[in-house]
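This report concerns only the one structure given below.
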Amino acid sequence: MANRVLFLCTGNYYRSRFAEILFNALARQSAIDWLADSCGLAIELVPPDGGALSPFARQGLTERGIALDEPPRRPRALREEDLTRAHRVIALNRVEHHPYLKKQFPAWAERVEYWHVGDLDYAPAEQALAEIERHVRAFIGQLRATR
């Protein structure tokens, strides 16, 4: 049974989905026994006509040669069981996501690891996706070193 990492963001549409899909592709290449999943803390904020996956995430994955399952799944809201099943939980931005966790899952708000990747209103997609990739590669490097 693989270890699980859970990536969190607001809508489970852009940053967390990119992290999940990138992690799973790189984990397979690295032959580590980890699997990523992702959820959103406020998926109601995703525009209903926005599709299942952000075009920025799709483009970023395509540019990196990572194939997508078609059709991609819809954004999924975080549930308590998602948190308890994960060995590591990483939210993509503390300032943005800590308040949601504190309100919805207060016992978890301080147990989550936070990265500092801004949404589109703070960072262009190319910058944010490059930052997520840097974090994911570093995380996989840590996992490889400890096996």
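Read-outs: derived from the displayed coordinates by stated rules, not from any lab. Owing to the predicted nature of the structure, the values given are computational and were not obtained by experimental measurement. Please note: Cβ atoms are built from the backbone with ideal geometry, for glycine as well, and neighbour counts cover all protein chains shown.
What the table below lists for this structure:
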| item | result |
| --- | --- |
| Selection of trypsin sites (Lys or Arg not before Pro), the stretch 37-118, meeting DSSP coil and at most 14 other Cβ within 10 Å | Arg64, Arg73, Arg79, Arg111 |
| Residue with peak Gaussian network fluctuation, the chain [Cα springs, cutoff 10 Å], from Pro75, Pro48, Pro106 | Pro48 |
| Qualifying chymotrypsin sites (Phe, Trp or Tyr not before Pro) in the stretch 55-128, DSSP loop, other Cβ atoms within 10 Å at most 15 | Tyr122 |
| Within the chain, percent of DSSP bridges classed antiparallel, to nearest 5 | 5 |
| Cα gyration tensor, the stretch 7-111 - rounded (a/c under 1.5), prolate or oblate | oblate |
| At R0 = 30 Å, FRET efficiency that the Cβ-Cβ distance of Glu44 and Ala107 yields, to 0.05 | 0.85 |
| Potential extension, Arg73-Ala138 segment - 0.36 nm per residue separation minus Cα distance | 20.7 nm |
| Percent RCO, i.e. relative contact order, over the stretch 3-145, from Cα pairs under 8 Å lying at least 6 residues apart | 31 |
